Amino acid sequence: MTDARLARVIEYMSCHFAEPLTLEQLAAEACIIKFHFVRLFRERVGQSPHRYLAELRLDAAQRMLISSELSIAEIA
């Protein structure tokens with residue numbers, strides 16, 4: 001996976017982290033098949049796409065807890 005494709009997937013994940021994302025969607029964004037996407041993402045980023053997405057979501061929730069008036073339930 002090229003740097004440009006990886007950057008495109010990471011940007012897509014960052015913009016759509018609140019939506020349900022599938023490996024198929026992410027692989028399509030990188031223009032490669034799912035099996036290769038998962039393997040190459042892990043090699044390049046050091047973690048699985050699922051783990052990376054979970055960390056994006058946790059970081060966003062943490063920022064929202066600190067800076068917004070929303071309840072924990074609303075943020076979740």
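Using Cα pairs under 8 angstrom and six or more residues apart, how large is the relative contact order of the chain, in percent? Mind dumping the intermediate values first?
Numbers: 49 pairs, mean separation 18.6, N = 76.
It comes to 24 percent, rounded to a whole number.
Would you work out which of His36, Ile75, Gln62 lies farthest towards the positive end of the dipole of the chain, given +1 charges on the beta-carbon of Lys and Arg and -1 on that of Asp and Glu, about the Cα centre?
Result: His36.
Tell me the mean residue ellipticity at 222 nm calculated for the chain from its helices only (DSSP H runs of n ≥ 4, each -39500 (n - 2.57), averaged over every residue, nearest 500). Spell out each step's value before the answer.
Values: 5 runs with 56 residues, N = 76.
Taking each H run of at least 4 residues, the total per residue is -22500 deg cm²/dmol.
For the chain, what number results from the quotient of the Cα radius of gyration and 2.2 N^0.38 Å? Intermediate results must be reported in sequence, preceding the final value.
Details: Rg = 13.8 Å, N = 76, 2.2 N^0.38 = 11.4 Å.
So the Cα radius of gyration is 1.21 times the expected 2.2 N^0.38 Å.
Between Glu43 and Ser14, what's the calculated FRET efficiency when r is the beta-carbon distance and R0 is 35 Å? Round to 0.05. Could you put the intermediate results ahead of the total?
Details: r = 20 Å, r/R0 = 0.57.
So, using R0 = 35 Å, E works out to roughly 0.95.
Please report the spacing between the Cα centers of segment 1-25 and segment 34-75 in Å, no decimals.
What the calculation gives is 11 Å, centre to centre.
With labels modelled as points extended 7 Å from the Cα through the Cβ direction, what inter-label distance (nm, one decimal) is found for Glu74 paired with Glu55?
Taking the two extended label points, one gets 2.9 nm.
No value in this document is a laboratory result; all are computed from the given coordinates. All values derive from a computational prediction rather than experimental measurement. Glycine also receives a Cβ, built like all others from the backbone with ideal geometry; neighbour counts cover every protein chain displayed.
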